[in-house]
Structures are given as structure tokens and as C-alpha cells.
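Worksheet: the structure to be examined is printed underneath.
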Amino acid sequence: MDEATVIPTPARHDENFWSVVMAPVEPAWSEPGDDDTFEMDGKVLDAARALAERISTRAHAYRTAGQPFDAALMAAPDLQLALLRSLYEARLSVDRLAESAATAAGRGGASYTQLGAAWGGIRRQSARLKWPHAVVKRPADESIPLDYAGGAAVIHHDPGADAWWYTATAADRQEEESEAAYGTSAEAIARATEFLLTHARPARQDTA
């Protein structure tokens with residue numbers, strides 16, 4: 001039997017959606033193949049080239065002159081330097097996104113061993129050094145801070161209701177305060193993560 005057939009797949013509106021989603025599936029992923037990595041390389045290169053064209057002084061000169069930017073211009077050494085600068089930004093983006101993913105996974109119950117396995121098979125100690133705040137042991141009712149997708153949230157426990165709730169401010173400055181309606185901290189973390197991801201794009205600043 002195919003493994004996918006034994007993994008529950010509730011719809012978003014189902015009552016048990018979050019309890020099922022927050023129960024880890026093992027294995028969490030299948031190893032990417034060559035086609036997957038080639039496709040990833042292509043998408044990263046496309047994104048880096050787009051940024052290189054925006055920051056390149058030569059490309060800026062072409063835009064100012066009203067001249068089309070021919071793809072052959074990418075052969076210019078200065079364009080390749082702009083591409084290299086763009087790839088550095090891509091690496092920084094990967095680091096930020098990896099920290100967000102590790103934090104969300106760790107606060108949702110993943111161990112440093114699991115985080116290390118996902119990050120190319122590094123050891124548990126190395127994963128702990130890389131993301132020291134991803135997995136935090138704390139009293140069961142202590143508030144849990146969460147940084148994700150450029151925003152931040154705090155998961156709280158309401159002892160009177162014996163339920164969890166969250167406050168969150170997303171990257172686009174949208175704010176949300178939930179009801180104390182979640183039976184576990186993991187479910188509240190998942191809902192806060194969903195909100196932060198939905199509002200991940202920073203608000204555009206108007207320039208005079």
C-alpha cells in the first residue's frame with residue numbers, strides 16, 4: 001500500500017484539521033532527485049538574475065536610455081558580479097527562511113535531531129548551535145515566543161480555560177489576537193504560523 005494512503009488528509013474546515021496536521025508524519029520527506037535539484041537551481045537562478053538586472057549599473061543605463069536589456073548582456077563581467085551579489089542575497093534569504101522553518105518545527109515539537117536531519121544530515125549538536133532558540137524546553141504553561149516569516153507571535157496559556165491563544169504582528173504590520181480556543185500549544189503555534197505566513201510581505205512604504 002502506498003504510504004500516502006494511510007496518512008490522514010482532513011480538509012481545512014474539518015474539526016480535527018489542526019490536531020491531525022500537528023501530529024508529525026514519518027518520514028517527513030522523501031529525498032529530492034536530480035530533476036528536483038535541477039528545477040530548484042533554475043528557479044533560484046531566475047530569481048537571482050531578476051535581482052541582478054534591478055541592481056546592475058549597466059542594466060540601469062540601458063533602462064535610462066530606453067534600450068531593451070538583451071539576455072546576451074549577462075555575459076558582461078560586471079553583470080556577473082551583480083549576479084554574484086544577488087546570489088549572496090539569495091543565500092541570506094535561505095538562512096532567514098531556514099531559521100523560520102526550524103523555529104516553527106521546533107516549537108511544534110520537532111527535536112534538534114530531526115532539524116539536523118532535514119538540514120542535510122548535520123548532527124544534533126550542530127543543529128542546536130545553528131538554531132539555538134528553535135527547540136526550547138519550558139514549563140507547560142509558559143508563554144512561547146515565535147518569530148516567523150518576518151513577523152512575531154507569542155503563544156499564551158489561559159489556565160482558567162485550560163486553553164492556548166496567541167498574539168501576533170506580521171511582517172505587513174497586520175495584528176491578530178486569537179481567542180483562547182486551542183487545546184494544545186502546538187495547535188496555537190500552527191495557527192499563529194499560518195497568520196504570519198499569510199501576511200509575510202512587508203507593507204510597501206510610500207515615497208514622496
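Beta carbons within 10 angstrom, averaged per residue: use that to sort the peptides 80-87, 94-101, highest first.
Per-residue mean Cβ counts within 10 Å order the peptides as 80-87, 94-101.
Helix 77-107 versus the longest principal axis of the chain: what is the Cα-based angle in degrees, 0 to 90, to the nearest 10?
Its long axis makes an angle of about 0 degrees.
Given Cβ point charges of +1 (Lys, Arg) and -1 (Asp, Glu) and nothing else, what value in debye, to the nearest 20, does the dipole of the range 138-203 about its Cα centre take?
In total the dipole reaches around 280 debye.
In the range 134-197, which GluC sites (Glu not before Pro) are in a loop and have at most 14 other Cβ atoms within 10 Å, using DSSP for the loop call?
Those satisfying the criteria are Glu142, Glu179.
Rounded to the nearest 500 deg cm²/dmol, what is the calculated helix-only ellipticity per residue at 222 nm for the chain, with -39500 (n - 2.57) per DSSP H run of length n ≥ 4?
Dividing the helical sum by the residues of the chain leaves -14500 deg cm²/dmol.
Distance between the C-alpha centers of the range 66-112 and the range 3-47? Whole Å please.
So the two Cα centres are separated by 22 Å.
Which one, Ser93, Ala134, Trp29, is farthest towards the positive end of the dipole of the chain when Lys and Arg carry +1 and Asp and Glu -1 on their Cβ?
Ser93
Select one label from (1) 18.0; (2) 16.9; (3) 20.2: the one whose number is Kirkwood radius over Cα pairs in Å as derived from the coordinates shown.
Calculated Kirkwood radius over Cα pairs in Å: the matching label is (3).
Per-residue counts of other Cβ atoms within 10 Å, averaged by peptide: what ranking do you get for 69-79, 147-157, highest first?
147-157, 69-79
Return, for the Cα atoms of the range 138-203, the radius of gyration and Dmax in Å, separated by a comma.
11.5, 37
If you place +1 on the Cβ of every Lys and Arg and -1 on the Cβ of every Asp and Glu, how big does the dipole about the Cα centre of the chain come out, in debye to the nearest 20?
The dipole magnitude comes to about 1020 debye.
Rule-based calculations on the coordinates, nothing more; no lab input. A quick note: this is a predicted structure, and the numbers were derived from the prediction, not measured. All Cβ positions, even for glycine, are placed from backbone atoms using ideal geometry, and neighbour counts span all protein chains on display.
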